[in-house]
Amino acid sequence: MAAAAAGAAECAAMAGARVCLQLLAAALLFAGAVLGGEDRPRLVGGPVDIDNPTNDEGLQRALQFAMEEYNKASNDVYSSRVVRIISAKRQIVSGIKYIMKVEIGRTTCPKPATDLQSCAFHDAPQMAKRTICTFVVYTVPWLNQTKLLESSCK
(Lines give C-alpha, C1' and ligand atoms only; values in the text may rest on other atoms or scores of the structure.)
Protein backbone atom coordinates (compact mmCIF):
# COMPACT_ATOMS: atom_id res chain seq x y z
CA MET A 1 0.00 0.00 0.00
CA ALA A 2 2.86 2.38 0.79
CA ALA A 3 4.31 1.84 -2.70
CA ALA A 4 0.92 2.57 -4.25
CA ALA A 5 0.60 5.76 -2.24
CA ALA A 6 4.11 6.85 -3.23
CA GLY A 7 3.30 6.03 -6.87
CA ALA A 8 0.10 8.05 -6.63
CA ALA A 9 1.93 11.02 -5.13
CA GLU A 10 4.58 10.85 -7.85
CA CYS A 11 1.88 10.55 -10.51
CA ALA A 12 0.10 13.60 -9.08
CA ALA A 13 3.31 15.59 -9.29
CA MET A 14 3.93 14.54 -12.92
CA ALA A 15 0.41 14.86 -14.30
CA GLY A 16 -2.81 16.38 -13.13
CA ALA A 17 -4.28 14.99 -9.93
CA ARG A 18 -7.57 14.34 -11.71
CA VAL A 19 -5.92 12.10 -14.35
CA CYS A 20 -4.03 10.15 -11.68
CA LEU A 21 -7.17 9.59 -9.66
CA GLN A 22 -8.97 8.30 -12.77
CA LEU A 23 -6.09 5.92 -13.54
CA LEU A 24 -5.96 4.73 -9.93
CA ALA A 25 -9.74 4.18 -9.88
CA ALA A 26 -9.57 2.21 -13.14
CA ALA A 27 -6.71 0.08 -11.78
CA LEU A 28 -8.66 -0.65 -8.59
CA LEU A 29 -11.80 -1.59 -10.54
CA PHE A 30 -9.77 -3.93 -12.75
CA ALA A 31 -8.07 -5.52 -9.73
CA GLY A 32 -11.45 -5.95 -8.04
CA ALA A 33 -12.88 -7.70 -11.11
CA VAL A 34 -9.86 -10.01 -11.42
CA LEU A 35 -9.46 -10.77 -7.72
CA GLY A 36 -13.14 -10.52 -6.79
CA GLY A 37 -15.49 -13.11 -5.36
CA GLU A 38 -16.28 -16.57 -6.65
CA ASP A 39 -19.34 -15.34 -8.57
CA ARG A 40 -17.34 -13.11 -10.88
CA PRO A 41 -15.25 -14.22 -13.83
CA ARG A 42 -11.56 -14.41 -13.04
CA LEU A 43 -10.55 -12.79 -16.32
CA VAL A 44 -12.13 -9.66 -17.73
CA GLY A 45 -13.45 -10.56 -21.19
CA GLY A 46 -13.26 -14.29 -20.45
CA PRO A 47 -16.11 -16.78 -21.01
CA VAL A 48 -18.91 -16.55 -18.42
CA ASP A 49 -21.44 -19.29 -17.62
CA ILE A 50 -25.01 -18.63 -18.75
CA ASP A 51 -27.10 -19.47 -15.69
CA ASN A 52 -30.45 -20.05 -17.43
CA PRO A 53 -29.68 -21.15 -21.01
CA THR A 54 -33.28 -22.05 -21.91
CA ASN A 55 -34.37 -18.44 -21.29
CA ASP A 56 -31.38 -16.71 -22.89
CA GLU A 57 -32.64 -15.36 -26.22
CA GLY A 58 -29.18 -14.75 -27.71
CA LEU A 59 -28.01 -18.25 -26.81
CA GLN A 60 -31.16 -19.81 -28.25
CA ARG A 61 -30.64 -17.98 -31.57
CA ALA A 62 -26.99 -19.06 -31.65
CA LEU A 63 -27.97 -22.67 -30.88
CA GLN A 64 -30.65 -22.66 -33.58
CA PHE A 65 -28.07 -21.36 -36.07
CA ALA A 66 -25.57 -24.05 -35.01
CA MET A 67 -28.19 -26.79 -35.48
CA GLU A 68 -29.14 -25.47 -38.93
CA GLU A 69 -25.47 -25.57 -39.95
CA TYR A 70 -25.01 -29.02 -38.40
CA ASN A 71 -28.01 -30.43 -40.29
CA LYS A 72 -26.84 -28.88 -43.59
CA ALA A 73 -23.41 -30.48 -43.20
CA SER A 74 -24.69 -33.87 -42.00
CA ASN A 75 -25.15 -36.73 -44.48
CA ASP A 76 -27.99 -38.14 -42.39
CA VAL A 77 -31.39 -38.42 -44.09
CA TYR A 78 -33.06 -37.24 -40.86
CA SER A 79 -32.76 -33.91 -39.11
CA SER A 80 -31.28 -33.70 -35.63
CA ARG A 81 -32.24 -31.37 -32.80
CA VAL A 82 -31.10 -30.53 -29.28
CA VAL A 83 -32.06 -32.99 -26.53
CA ARG A 84 -30.50 -30.93 -23.71
CA ILE A 85 -27.99 -28.18 -23.09
CA ILE A 86 -25.10 -29.51 -21.02
CA SER A 87 -23.27 -26.21 -20.63
CA ALA A 88 -23.34 -22.74 -22.15
CA LYS A 89 -20.98 -19.79 -21.91
CA ARG A 90 -20.93 -16.28 -23.33
CA GLN A 91 -17.80 -14.29 -24.11
CA ILE A 92 -17.88 -10.63 -25.04
CA VAL A 93 -15.31 -9.98 -27.78
CA SER A 94 -15.79 -7.64 -30.75
CA GLY A 95 -19.20 -9.32 -30.84
CA ILE A 96 -20.58 -12.16 -28.71
CA LYS A 97 -19.15 -15.66 -28.73
CA TYR A 98 -21.38 -18.48 -27.47
CA ILE A 99 -19.69 -21.72 -26.41
CA MET A 100 -22.23 -24.55 -26.08
CA LYS A 101 -22.00 -28.22 -25.19
CA VAL A 102 -25.23 -30.00 -26.09
CA GLU A 103 -26.68 -33.45 -26.56
CA ILE A 104 -28.42 -33.83 -29.92
CA GLY A 105 -30.64 -36.61 -31.21
CA ARG A 106 -31.93 -37.87 -34.55
CA THR A 107 -35.56 -36.99 -35.20
CA THR A 108 -38.21 -38.73 -37.29
CA CYS A 109 -38.35 -35.73 -39.66
CA PRO A 110 -36.54 -36.10 -42.97
CA LYS A 111 -34.41 -33.20 -44.17
CA PRO A 112 -35.04 -30.39 -44.60
CA ALA A 113 -37.32 -30.03 -41.57
CA THR A 114 -39.00 -26.65 -41.23
CA ASP A 115 -40.06 -26.90 -37.56
CA LEU A 116 -37.56 -29.08 -35.72
CA GLN A 117 -39.17 -28.58 -32.31
CA SER A 118 -42.27 -30.47 -33.47
CA CYS A 119 -40.16 -33.42 -34.68
CA ALA A 120 -40.14 -36.42 -32.36
CA PHE A 121 -36.96 -38.35 -31.59
CA HIS A 122 -36.59 -41.88 -32.99
CA ASP A 123 -37.56 -44.55 -30.45
CA ALA A 124 -36.24 -47.65 -32.22
CA PRO A 125 -32.70 -48.46 -30.99
CA GLN A 126 -31.38 -49.00 -34.54
CA MET A 127 -32.64 -45.53 -35.58
CA ALA A 128 -32.06 -43.56 -32.38
CA LYS A 129 -28.78 -41.69 -32.38
CA ARG A 130 -27.60 -39.38 -29.60
CA THR A 131 -24.40 -37.36 -29.83
CA ILE A 132 -22.60 -34.82 -27.64
CA CYS A 133 -21.53 -31.74 -29.62
CA THR A 134 -19.61 -28.57 -28.90
CA PHE A 135 -20.55 -25.52 -30.95
CA VAL A 136 -18.91 -22.11 -30.92
CA VAL A 137 -21.02 -19.41 -32.55
CA TYR A 138 -19.85 -15.84 -33.06
CA THR A 139 -22.50 -13.16 -33.46
CA VAL A 140 -22.41 -9.44 -34.13
CA PRO A 141 -26.09 -8.63 -33.52
CA TRP A 142 -25.83 -4.95 -34.52
CA LEU A 143 -24.44 -6.01 -37.94
CA ASN A 144 -26.80 -8.99 -38.25
CA GLN A 145 -23.83 -11.39 -38.65
CA THR A 146 -23.54 -14.95 -37.33
CA LYS A 147 -20.78 -17.49 -37.94
CA LEU A 148 -20.22 -21.05 -36.77
CA LEU A 149 -16.58 -21.06 -35.64
CA GLU A 150 -16.46 -24.61 -34.32
CA SER A 151 -18.58 -27.73 -34.57
CA SER A 152 -17.31 -30.98 -33.08
CA CYS A 153 -19.31 -34.04 -32.10
CA LYS A 154 -18.41 -37.29 -30.38
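The values are calculated or read from the model by the stated rules, or taken from the named source; none is laboratory data. If you're wondering where the values come from, they're calculated on a predicted model, not measured in any experiment. When we count neighbours, we look across all protein chains shown, and the Cβ atoms used for this are built from the backbone with ideal geometry, even at glycine. Note: areas computed on protein heavy atoms with side chains; ligands, DNA, RNA excluded. Shrake-Rupley method; radii C 1.70, N 1.55, O 1.52, S 1.80 Å.
Expressed as a whole percentage, what fraction of the accessible surface of segment 33-148 belongs to carbon and sulfur atoms when a 1.4 Å probe is rolled over the protein heavy atoms?
Numbers: 3660 of 7210 Å².
With neighbouring chains kept in place, the figure for segment 33-148 is 51 percent.
Any idea how far the Cα center of segment 81-135 sits from the one of segment 49-69, in Å?
10
Ordering D115, D51 from largest to smallest accessible area (1.4 angstrom probe), what's the sequence?
Result, largest first: D51, D115.
Rounded to the nearest 10 Å², what accessible area does I86 show when all protein chains are kept and the probe is 1.4 Å?
My reading of the accessible area for I86 is about 70 Å².
Inverting the mean 1/r over all pairs of different Cα atoms, compute the Kirkwood radius of segment 45-154 and quote it in Å. Don't jump to the answer; show the numbers that get you there.
Details: mean 1/r = 0.0695 Å⁻¹.
Computed over Cα pairs of segment 45-154, the Kirkwood hydrodynamic radius comes out at 14.4 Å.
What does the charge dipole of segment 44-154 about its Cα centre add up to, to the nearest 20 debye, if the Cβ of each Lys and Arg holds +1 and the Cβ of each Asp and Glu holds -1?
Numbers: 14 positive and 11 negative charges, 52 e Å.
Result for segment 44-154 is approximately 260 debye, rounded to the nearest 20.
Compute the accessible area per residue over segment 89-154, keeping the other protein chains in place, probe 1.4 Å, unit Å².
On the way: 4070 Å² over 66 residues.
Dividing the accessible area of segment 89-154 by its residue count gives 62 Å².
With charges only on Cβ, +1 for K and R and -1 for D and E, what is the dipole size of segment 44-106 about its Cα centre, in debye, rounded to 20?
Numbers: 9 positive and 8 negative charges, 21 e Å.
It comes to approximately 100 debye.
Rg/Rh for segment 87-146 to two decimals, with Rh computed the Kirkwood way over all alpha-carbon pairs. Please list the in-between numbers first.
Values: Rg = 15.3 Å, Rh = 13.8 Å.
Value, to two decimals: 1.11.
Going out from 0 in 5 Å bins, what whole percent of all Cα-Cα distances in segment 72-120 drops into each bin?
5, 20, 20, 17, 16, 14, 7, 2
Enumerate the lysines that K101 could reach by cross-link, defined here as Cα to Cα under 18 Å, with residues fewer than 8 away along the same chain left out.
Candidates past the 8-residue exclusion: K89, K129, K147, K154.
In what sequence, largest accessible area first, do E150, E103, E69, E57 appear using a 1.4 Å probe? Could you put the intermediate results ahead of the total?
On the way: E150 80, E103 30, E69 55, E57 130 Å².
Descending accessible area places them as E57, E150, E69, E103.
Once you keep just the Cα pairs under 8 angstrom separated by 6 or more residues, what percentage relative contact order results for segment 53-117?
Over segment 53-117, the number comes to 33 percent.
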